[in-house]
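Let me begin by presenting the structure, written as structure tokens, before commenting on it.
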Amino acid sequence: MTKPAFDPEKNLEDLLKMESEEANPNAERVGDKPGTPVNESEFNFNIKPEELESYLNQYVVGQEETIEVIATKVCTHFNRMKLEKKLSDENRLVGNIKSNMLLIGPTGVGKTYIVKLIAKKIGVPFVKADATKFSETGYVGGDVEDLVRELVHESNGDIAKAEYGIIYLDEIDKIASSFGTYGPDVSRTGVQRNLLKLMEDADVDLKTPHDLASQVEAAMEAQRTGRVTRRKINTRNILFIVSGAFSGLEQIINKRMNKQSIGFDKVRIHGDDIQEVLKKVRTEDLIEFGFESEFVGRLPVYVVLNDLHEDGLYKILKNKHSTVVIGKKMDFKAYEIDLEFTDEALKIVARRAHHEKTGARGLLSVVEKILIKFEKSLPSTGIEKLVVDENLIENTGTVLKKMLLADGIQGFQKEFLIEHGIYLDFKEEAVEEIQRVASEKQKSVRQLCTELFHDYFHGLRLLKKDHFTISKEAVSNPDDYLNSYIKENYNKQA
Ligand SMILES: Nc1ncnc2c1ncn2[C@@H]1O[C@H](COP(=O)(O)OP(=O)(O)OP(=O)(O)O)[C@@H](O)[C@H]1O
Ligand SMILES: [Mg+2]
């Protein structure tokens, strides 16, 4: 085998050329044919639709019909691939359309979540991006082929594995030509065209034409080893899932369905009705929305996700996998505080989140808003447990103040008892006064108590007291109060 000559003086163009087949006919090629595994990383797919369905239903709330379709089509896709791998080239179907999917649904109802869970369960590389970041030329944002290269990155360079990956593109509705605010029409249509090539069967170069450094590196490697490593990845088996909110699509569908009816004009569709109309979506509606027919043609499976209502949001919070509750508990656990939510509290959170109209995304922002002041203040106290209940949610300020007050007073009581063996009891009016003075003087309750009563032990010892009640007057005038108390009681004692 002849090694290709390498001359560092050669210009860059030659180096790059050397990477190509013609320039290096004798080099031994490794896994060069697209679609064949490089390092025989076997793809062991063995999941049945019902298994994937029940797995997803453990995590995802209120999307049963969607999950049924997605789980089935994803499983069939991967099982088909397994079958086709065994077939000889002649027996493979030509022009076969794979089950790329379109998910339609408002924000925060689980589109991304479902796809991520699937990729995790199946163990295939997964790449997610927003369709808006691409431009036709690839100059502005990126080139759609970058997605395929990213899959290789995700699979740590294992091309065979990357060829079984899932590419998930969100905000696909924004590349419809009717979409008003993003980029010119032609560019959006161009992105659709570039994508549709990938969605079917295309070979993508691993190295981008503008990535000179890696091109040079590859050329040097070829020179050194006499081998040209595989540079292309085939997209035939890559599953594409695209999604978007498709606002306004319901109008198009409605118009089509009502064509025959007389006097039809644009009617406003609300709430659940939108979802019901969307579920009737047909290819022609998507074309009317602004997609090229060839693009829609590569998406044979459509699913429409449900809007999540108060009840659904509550179920998400109660779900044992809910990241909102678990995540928030961990935030507090980081300060050694146990956090708990009552069911009543979770219902209020769900109700408030529903008003935000951001699906499950609203849950976290509602919880954050309720707890932020507690998260700030409790770590500097001795408080080890926080129960979030209805009262706490409705009166956050008061509840927090009370907690801090109780913590400050208890802390001082404990310290006084340990140091002097005297238990100080605080009347309710005294506690209120302490709170008032503390906020007026901008001092913590504990600090104020120390200032007011630290010297009380001299007098109380004199009286041989092991128990003393602090009244409001004691707070307002600690020295006078103690003095007159001593005078009165010392004589009595004597
Ligand atoms: N149906 C659901 N069941 C359980 N959890 C959910 C559901 N929908 C959303 N979530 C939670 O909310 C988070 C955000 O949802 P997700 O990312 O799936 O939204 P999306 O539908 O992709 O919205 P967007 O259109 O804004 O991207 C998820 O990570 C998950 O924790
Ligand atoms: Mg998403």
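A short reminder: the numbers here are calculations on the coordinates, not readings from a lab. Worth saying up front: this structure is predicted, and the values here are computed from it rather than measured. Note: ideal-geometry Cβ built from the backbone for every residue, glycine included; neighbour counts use all protein chains shown.
By the gyration tensor of its Cα atoms, with a ≥ b ≥ c the square roots of the eigenvalues, what is the shape of the stretch 402-493: rounded for a/c under 1.5, prolate for a/b over b/c, or oblate? Because a/c hits 1.5 or more and a/b exceeds b/c, the stretch 402-493 counts as prolate. Spin-label model, Thr323/Thr107: points 7 Å from Cα along the beta carbon direction are separated by 1.6 nm. Find how many whole Å separate the alpha carbon centroid of the stretch 463-491 from the alpha carbon centroid of the stretch 360-394. Rounded to whole Å, the Cα centres lie 39 Å apart.
As a quick test, which of the pairs Lys85/Lys133; Lys128/Lys315; Lys82/Lys197; Lys85/Lys197; Lys328/Lys414; Lys414/Lys492 have an alpha carbon distance above 25 angstrom in this structure? Checking Cα-Cα distances, Lys85/Lys133; Lys128/Lys315; Lys328/Lys414; Lys414/Lys492 exceed 25 Å.
Stretching Ser476 away from Ser293 to a fully extended chain increases their span by 57.7 nm, per 0.36 nm per residue minus the current alpha-carbon distance.
Are any of the pairs Lys427/Lys487; Lys86/Lys111; Lys427/Lys465 more than 28 Å apart by Cα-Cα distance, and if so, which? From Lys427/Lys487; Lys86/Lys111; Lys427/Lys465, over 28 Å: Lys86/Lys111.
With a simple spin-label model that places each label point 7 Å from the Cα along the Cα-to-Cβ direction, the separation between Val437 and Arg224 comes to 7.7 nm. Take every pair of alpha-carbon atoms less than 8 Å apart whose residues are at least six positions apart; their mean separation over the length of the stretch 402-493 yields a relative contact order of 34 percent.
Within the straight-line cut-off of under 14 Å between alpha carbons, the aspartates and glutamates reachable from Lys73 are Glu50, Glu51, Glu53, Glu65, sequence neighbours fewer than 8 places apart in one chain being disregarded.
In terms of the mean number of neighbouring beta-carbon atoms within 10 Å, the peptides 110-118, 81-89, 198-206 order highest first as 110-118, 198-206, 81-89. In this simple spin-label approximation, Glu340 and Glu217 carry label points 7 Å from Cα along the Cα→Cβ vector, and these lie 5.5 nm apart.
The Cβ shell under 12 Å around Leu386 holds other residues with a net charge of -3, Lys and Arg each +1, Asp and Glu each -1.
Annotation: lysines with alpha-carbon distance below 29 angstrom to Lys259 (same-chain offsets under eight excluded): Lys174, Lys279, Lys280.
If we count every other residue with Cβ under 12 angstrom of Phe468's Cβ, Lys/Arg +1 and Asp/Glu -1, where does the sum land? Could the numbers behind the result be given before it?
Values: positive: Lys427, Arg461, Lys464, Lys465; negative: Asp425, Asp466.
Around Phe468, the surrounding residues sum to +2.
Distances over 18 Å make up what percent of all Cα-Cα pairs in the stretch 229-329? Beyond 18 Å sits 64 percent of the P(r) for the stretch 229-329. Local charge sum around His458 (other residues, Cβ-Cβ under 14 Å, Lys/Arg +1, Asp/Glu -1)? Its environment carries a net charge of 0. May I ask you to list the aspartates and glutamates whose Cα is less than 20 Å away from that of Lys472, ignoring any residue fewer than eight positions away on the same chain? Answer for Lys472, where 20 Å is the Cα cut-off: Asp407, Asp425, Glu428, Glu429, Glu432, Glu433, Glu440, Glu451, Asp455, Asp480, Glu488, listed by chain and number.
The Lys85 and Met330 beta-carbon pair, evaluated with R₀ = 41 Å, returns a calculated FRET efficiency of approximately 0.45.
Using R0 = 51 Å, the C-beta based FRET efficiency linking Asp273 and Lys414 works out to 0.25.
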